[in-house]
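Every number here is computed from the coordinates shown, using simple stated rules; none is lab data. Given the structure is predicted, the values throughout are model-derived calculations rather than measurements. Here the Cβ positions follow ideal geometry from the backbone for every residue, glycine too, while neighbour counts run over all protein chains shown.
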Amino acid sequence: MKLILINKDNPIPENYCPNLMDIGGGYSLEKNAALSMKAMICAAAAEGICLRVFSAYRSIAYQKGLFDESTDKYMFRGMSYEKAAELTAQSIAVPGYSEHNAGLAADISSMDWQGDISEEFENTPEFAWLQKNAHRFGYILRYPKGKEHITGIIYEPWHYRYVGAKHAGCINRLGLTLEEYMQMHRACSC
Ligand code: ZN
């Protein structure tokens, strides 16, 4: 699988068209990401850890709805559109610039999580399990704590990006963000 970088400076490539597969609960992901997610959920369940996907593939139209809803909220408080959009983009990607639009990312919480997701998710056994095991299933914690200046996104202990087990293993071992890893990868062409 060719690794693609999607962030505020890199939109989803125009020719990219995800082959979507259902993962249950009304969610879908790109086929390889979906198969790995299902395997990961089963492996976690076998250890008594109940993972719950609460967002996966999102169409561009859906992403636009989320983005607009957030900017409207800020503007209602008196902010200019520019400022509202800038603040929104720290947690909700501009449509076409989200890994969710590519079917390569999933937001995960625990089965018994109540209310909106927050940083507190990092204190759950589910997060601890993901920290230890997600890379084995090709997933990385995409927006780690302390790397906000590189990813441009707030710390999101719930957002996991599928990159395949080989890359995920390396990224995990080296403690890098995808931005840093891809830069290194280009440099050594390994
Ligand atoms: Zn997400």
Relative contact order %, the chain, counting alpha carbon pairs below 8 Å whose residues are six or more apart: 23
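How do I140, I4 line up, fewest other C-beta atoms within 10 Å first?
Working: I140 25, I4 15.
Starting with the residue having the fewest Cβ neighbours, the order is I4, I140.
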Projected label distance in nm at K145 and T124, using a 7 Å step from Cα toward the beta-carbon: 1.6
Sequence-distant lysines (8 or more away, or on other chains) whose Cα lies within less than 25 Å of K2: K31, K38, K132, K147, K166
Calculated P(r) tail over 13 Å for segment 99-146, as whole % of Cα pairs: 62
Most mobile of L141, L66, L29 in a GNM of the chain (Cα contacts under 10 Å): L66
Coordinate range along principal axes, alpha carbons of the chain, Å, largest first: 49, 43, 33
16 Å Cα-Cα reach of K83 towards aspartates and glutamates, excluding residues that sit fewer than 8 places from it in its own chain: D68, E69, D72
Rg over Rh [alpha-carbon atoms, Kirkwood Rh] for segment 17-68: 1.06
Check: the chain dipole with +1 on Lys, Arg Cβ and -1 on Asp, Glu Cβ, in debye: 620
Ordering of 161-170, 122-131 by burial proxy (mean other Cβ atoms within 10 Å per residue, highest first): 161-170, 122-131
